[in-house]
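Every read-out reported here was derived from the displayed coordinates using simple, explicitly stated rules and does not represent laboratory data. Please read all numbers here as calculations on a predicted model, not as lab measurements. Here the Cβ positions follow ideal geometry from the backbone for every residue, glycine too, while neighbour counts run over all protein chains shown.
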Amino acid sequence: MAKLLRVVNREQCIGCYSCMYACSRTWAKAITVEKAALRIRNYAGVEGAFSIRPCVGCDEPDCAAACPTGALTRRKFGGVQFKAETCNHCGACVQACASKALQWDVEKRIPLVCHHCGVCTQFCPRDVIAMVEIPREA
Amino acid sequence: MPRFRMMDVDLTSGTSTITDVTDRFETWLGGTGVATSLLAETDPALDPLAPEAPIIFAIGPFNAVYPVCTKTVAMFKSPLTGNLGESHAGGRLAMAMFGAGIHVLRITGRAPAFSYLTINDDRAVVKQANSLRGTSALAAERIMRDREDTTHKKSIVRIGPAGERLSPIAEVTVDSSRHFGRMGLGAVMGAKNLKGFVISGGSYWPIENLAAYTPFYKKLYDTVVKSTAMQKYHDLGTAMNVVPLSRINGLPTRNFSQGFFEGAADISGEKFAEKHLSQQIACAHCQVGCIHMASLRELFDPEHYQYKSFKVSYDHELVYALGSNLSIQSTEEVLRLLIIIEKQGWDAISIGVTLAWAVDSFQKGIIGQKETDNLILNFGDGAMYEKVLNRIIAGHNEFYRDLERGSDFCARKYGGLDRSIAFGKVEAAGYMTGTYAFLGYATGVRHSHLDAAGYSIDQKGLTKPKSDEEQTKELYQEAVWRHVLNSLVICLFARNVYTKEIILEGLNALNLTGWTEERLMTMARRAHALKFRYKMACGFRFEEIGLPEKLTRVMTSAGVVSKERYRTQMDAFKALVEADIRDLT
């Protein structure tokens with residue numbers, strides 16, 4: 001059984017974006033929140049209400065199903081894997097993710113796929129997100 | 001090596017330009033240093049509300065890059081003081097400016113119609129928005145966020161109706177409950193026909209030196225999150241000071257009549273937490289989360305069980321300014337006043353101190369029912385304060401319209417200057433710990449408790465007495481050192497995390513090499529001196545920054561403050577600054 005990224009205490013989020021910085025830092029070697037494979041969303045006029053949108057590692061990923069070139073394919077134990085050379089930059093994958101969890105790299109025009117590495121959870125000061133064992137087929 | 005850019009927006013023509021200002025950052029580091037150098041190049045005779053008067057927003061090389069480096073400096077000519085205006089705010093602005101790829105945003109001109117500004121990467125657009133006129137600072141945020149659905153993370157900066165009315169104590173609100181509170185930036189924006197701006201972008205810095213940056217970042221993160229260095233700011237927040245300060249006669253009560261507040265326990269940090277704290281939130285890239293959000297639930301139709309709920313942030317300064325100093329000992333009443341102030345967009349300290357002056361002057365017969373239109377001003381009367389605020393908003397009569405021009409203006413017009421608790425026309429913050437709290441307000445470049453934390457010198461002196469010469473030197477050195485922190489622009493709550501050694505290591509990890517302790521301190525001393533030179537060119541004189549007469553008669557934590565001692569130490573501080581000004585040339 002593999003561990004996947006999960007929101008475990010949404011209400012404890014303080015909106016520091018530390019998770020997004022950690023993801024960008026680790027995978028894109030960049031100082032920014034815009035290269036992160038998860039998103040902390042906040043809402044107009046609702047001070048302190050955050051919605052955390054990580055890839056949930058679907059058994060049947062809608063993003064992969066929407067990909068016309070096969071660049072995104074289902075990964076063992078949940079999630080997707082991405083082949084950059086096959087991508088035609090259409091963005092259909094991002095549109096297909098109903099929870100808006102799959103992020104888009106505006107600069108490179110490719111999806112920012114979550115590797116479920118858990119680095120974001122190591123930089124969450126309030127235990128909002130965690131790596132959780134989820135039964136998924138190989 | 002990272003590059004730094006400045007965006008200039010001219011609201012009159014609706015045009016913008018971008019300039020590389022890396023050289024300026026090499027000299028002035030960033031933030032307050034860079035902003036000072038830019039303001040000092042302007043004509044000191046400019047009317048603060050003239051179209052040509054610039055608003056300079058500046059961040060530094062650590063913003064968005066390291067934990068708790070979350071602040072943005074705003075610099076402008078203050079309509080409250082007529083000289084240097086400076087205020088700092090957190091929120092998401094520093095992150096969003098970094099994302100837009102600009103470290104300085106300089107706004108000049110006056111929009112032909114009531115407008116707001118959007119900045120997406122390199123593109124700035126002035127958008128006419130007459131329907132936003134008169135909207136509260138909170139409503140404006142909802143509307144602008146809704147309309148500007150940007151791809152990248154954004155920051156929303158705006159004024160309330162007070163800024164539109166050009167109140168010199170109007171503030172500018174940033175995102176969720178952060179403010180450029182002090183010195184009237186709200187009026188400067190209002191005079192530019194600018195309701196606010198939304199800024200975002202996808203710029204970033206690649207990590208060039210991964211081997212240095214990653215472990216250094218982790219070390220900082222662990223200090224911030226896992227050590228006790230910043231715990232108090234998260235737990236109760238600065239409101240934890242309320243009771244301890246009152247115990248040592250340091251909590252301003254009833255317009256600084258005394259430092260002990262009998263109701264301190266009822267408006268303490270603990271009490272707010274137990275009754276109202278709904279959650280802590282954070283500025284972007286700060287893992288502390290010091291913003292304490294209070295919920296206030298009110299029954300507005302008892303017959304039908306109709307409730308409404310508000311959320312508003314609180315901290316020590318607000319609890320002092322709208323609590324003890326007005327003799328309000330109900331958390332609910334403090335919050336009700338805060339909500340009105342938050343929507344209007346006044347600086348909470350300034351409006352609170354002005355209300356306290358009004359009540360004090362009413363009770364001494366300096367103003368009467370003629371001015372107040374039959375309202376009786378009593379300390380402790382929350383419903384009355386709400387009425388006063390609502391009359392200011394409605395422009396009820398000349399007296400109420402004057403109240404939003406600050407306590408110094410009112411005292412000069414109506415009398416009671418001896419009880420106007422302002423230094424250099426800036427209403428005082430929430431500490432009456434002794435001579436150095438007051439000297440701190442008086443000698444601070446922005447007349448803020450944050451300029452050099454004089455209150456801390458007073459408190460240390462209670463157990464470890466030192467000579468005035470030593471203490472004044474400490475005040476000066478702290479004021480200078482904070483120019484390093486404010487150039488980077490680190491949240492001052494993290495001042496003990498960011499030591500000189502840590503700062504130099506952090507600059508090196510970004511390949512910003514060549515900085516040494518000596519070079520940092522020279523820059524800081526020069527920026528500090530340059531501010532005073534600009535202030536003086538605007539007419540500022542140390543000699544004119546007197547100690548409000550009332551403060552010579554009250555018992556502070558460190559006893560009665562003598563006018564002679566205050567003046568002698570003002571002269572000593574002035575001599576230190578003048579030596580630095582001579583070195584500038």
Task: Dipole magnitude (debye, nearest 20) for segment B:528-572, charges at Cβ of Lys, Arg, Asp, Glu - done: 120
Open item on the list: Can you tell me the convex hull volume per residue for chain A, based on C-alpha atoms, in Å³ to the nearest whole number?
Closed with: 108
Open item on the list: So if I place +1 on the C-beta of Lys and Arg and -1 on the C-beta of Asp and Glu, and nothing else carries charge, what would the dipole magnitude of segment B:402-528 be about its Cα centre? I want it in debye, nearest 20.
Closed with: 180
- [ ] Any lysines with Cα under 25 Å of the residue B:473 Cα? List them, leaving off those in the same chain fewer than 8 positions away.
- [x] B:425, B:460, B:464, B:500, B:531, B:535, B:563, B:574
Open item on the list: Using the basic label-point model (7 angstrom from Cα toward the beta carbon), what is the residue B:266 to residue B:560 distance in nanometres?
Closed with: 3.1
- [ ] Order by neighbour count: B:174, B:426, fewest other Cβ atoms within 10 Å first, most last.
- [x] B:174, B:426
Task: Net charge over other residues, Cβ less than 15 angstrom from the Cβ of residue B:103 (K, R count +1; D, E count -1) - done: -1
Open item on the list: Within segment B:508-546, list the residues whose amide N lies under 20 Å from a label point set 7 Å along Cα→Cβ of residue A:29.
Closed with: B:508-513
TODO: Quick one: of B:71/B:271; B:153/B:311; B:153/B:232; B:192/B:343; A:100/B:71, which pairs are farther than 26 Å apart, Cα to Cα?
DONE: B:71/B:271; B:153/B:232; A:100/B:71
Task: Rounded FRET efficiency, nearest 0.05, which uses the C-beta distance separating residue A:90 from residue B:583 and R0 of 56 Å - done: 0.35
Open item on the list: I need the shape label for chain B. Rule: rounded when a/c is under 1.5, else prolate if a/b > b/c, else oblate, with a, b, c from the alpha carbon gyration tensor.
Closed with: rounded
Open item on the list: On a straight-distance basis, which lysines could pair with residue B:370 in a cross-link, Cα separation under 19 angstrom, same-chain partners fewer than 8 positions away excluded?
Closed with: B:387, B:413
Open item on the list: As a test of the formula, what do you get for chain B when each DSSP H run with n ≥ 4 contributes -39,500 (n - 2.57) and the sum is divided by the residue count, at 222 nm and rounded to the nearest 500 deg cm²/dmol?
Closed with: -12000 deg cm²/dmol
TODO: Using DSSP, restrict attention to beta bridges with both residues in the protein assembly as shown and report what percent are antiparallel, rounded to the nearest 5.
DONE: 85
TODO: Give me B:443, B:516, B:228, B:150 ranked fewest to most by other Cβ atoms within 10 Å of their Cβ, as a rough exposure proxy.
DONE: B:228, B:516, B:150, B:443
TODO: Of the options B:291, B:91, B:363, report the single residue whose Cα projects farthest towards the positive end of the charge dipole of chain B (beta-carbon charges: Lys, Arg +1; Asp, Glu -1).
DONE: B:91
Open item on the list: Sorted from largest to smallest, which semi-axis lengths in Å does the alpha carbon gyration tensor of segment B:248-298 give for its equivalent ellipsoid, taking the root of 5 times each eigenvalue?
Closed with: 27, 16, 9
Open item on the list: Once R0 is set to 56 Å, what does the formula 1/(1 + (r/R0)^6) return for the Cβ-Cβ distance between residue B:133 and residue A:99, expressed as a FRET efficiency to the nearest 0.05?
Closed with: 0.90
TODO: Work from the charge dipole of segment B:97-211 (Cβ charges, +1 for Lys and Arg, -1 for Asp and Glu, about the Cα centre) and give the residue of B:181, B:116, B:160 farthest towards its positive end.
DONE: B:160
Open item on the list: Within a 10 angstrom radius of the beta carbon, how do B:278, B:78 rank from fewest other beta carbons to most?
Closed with: B:278, B:78
Open item on the list: What's the magnitude of the charge dipole for the protein assembly as shown around its Cα centre, counting Lys and Arg as +1 and Asp and Glu as -1 at the beta-carbon? Answer in Debye, nearest 20.
Closed with: 960
- [ ] Over the whole of A:27-40, what's the average partner chain Cβ count within 10 Å per residue? Rounded to a whole number, please.
- [x] 5
Open item on the list: Tell me which cysteines of chain A come out unpaired when the rule is another cysteine's Cβ under 4.7 Å.
Closed with: A:13, A:16, A:23, A:58, A:67, A:87, A:90, A:97, A:117, A:124
- [ ] For the protein assembly as shown, divide the Cα radius of gyration by the Kirkwood radius and give the resulting Rg/Rh value with two decimals.
- [x] 0.98
